[in-house]
Amino acid sequence: MEVLMDELLYVVLFCYLASALLYFWGNNYAKNWVVKVALVLAILGCILHLVILVMRTVLTGMLPLTNGLEFLLSFSWITVLLYLLMQTRYPIQSAAGIVMLISALLVSLVAILMKDQLGSVAPLMPALKSPWLTVHVVTAAVSYSAFALAAGLAVVQFFKTGQSIKDDYIYLLVGGGFALLSLSIVLGAVWAEQAWGRYWSWDPKETWALITWIIYAIYLHVYRSRDWPANTTRWMVIIGFGLVLFTFFGVNYLLPGLHSYA
């Protein structure tokens, strides 16, 4: 199973990278058949990505949410799935290239930094043996994916091909991601009280999650009040996603704390 997961991971990475390049080409030169091929590759990659997650679940006997490897796999998969679902209703195709590229880069980190962990199984730390694990991590992963897609839309808006993307689409994604991030923080606080005896300890991950929450809260307020230029609010969305990435990578691998085991 480990060998098969390794091979599938590289196939998924190829699908995402090829899809991203084809989307860039097709959108920039108005080649519809290229865009259709890119969509097929994105769907194929998403399906195979799900197969990896299912195999990981079978291997460990738990949902793939318990460590950095599994979170990164789930986060990147949800990002692609969210785009595929949203593009059926909203005209956001011009952002497909950057979204698929973001997902490809996330998967490449698994292939480069965590490949040896893909087929390994380690016992859960005592703090993770809780029914709060699933809801806390799932809400965080979905919120991160919403922010990733929102950042992709915001980036494309700076280019001619992204002029058809409305600010309301970004606001919708950030609003949904913000609600889920808020829920994740609350659930995490309840879990922390049960595991460590206190709701909040100013652990690095808690602190940076709060900073990220504040940035998106400001964006939502400013967008509704229409006080700031559109480009400024778009930069806020992009910076917010940068903080999301730092909250995951920076805290997990650079800053020691209660969440370092993730």
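Readers should treat all values here as calculations from the given coordinates under stated rules, not as data from a laboratory. Given the structure is predicted, the values throughout are model-derived calculations rather than measurements. Cβ coordinates were reconstructed from backbone atoms using ideal geometry, including for glycine residues, and neighbour counts include every protein chain displayed.
If you run the Gaussian network model on the chain, springs between alpha carbon atoms under 10 Å, then out of Tyr144, Tyr171, Tyr90 the most flexible one is Tyr90. Restricting the stretch 1-76 to trypsin sites (Lys or Arg not before Pro) that sit in a DSSP loop and have at most 16 other Cβ atoms within 10 Å of their own Cβ leaves Lys31.
The stretch between Val51 and Arg224, if pulled fully straight at 0.36 nm per residue, gains 58.2 nm over its current Cα-Cα span.
Only lysines eight or more places from Lys205 in sequence, or on another chain, were considered; those with a Cα closer than 28 Å are Lys115, Lys129. Taking 0.36 nm per residue of sequence separation and removing the Cα-Cα distance, the Ile214/Val40 pair yields an extension gain of 58.9 nm.
Subtracting the Cα-Cα distance of Ala30 and Ala111 from 0.36 nm times their residue separation leaves 25.9 nm of extension gain. Descending by average beta-carbon neighbour count within 10 Å, the peptides 235-242, 187-194 line up as 235-242, 187-194, the highest first.
Screening the chain for DSSP H helices whose Cα atoms reach 15 Å or more along their own axis and whose mean Kyte hydropathy is at least 1.0 gives 2-28, 32-60, 68-86, 96-113, 132-156, 167-196, 230-245. Entry note, the chain: the mean residue ellipticity at 222 nm calculated from DSSP H runs of n ≥ 4, each adding -39500 (n - 2.57), is -25000 deg cm²/dmol after division by the residues and rounding to the nearest 500.
Is the stretch 164-262 rounded, prolate or oblate when judged by the Cα gyration tensor, a ≥ b ≥ c being the square roots of its eigenvalues, rounded requiring a/c under 1.5 and prolate requiring a/b larger than b/c? It is prolate, given that a/c is not under 1.5 and a/b is the larger ratio.
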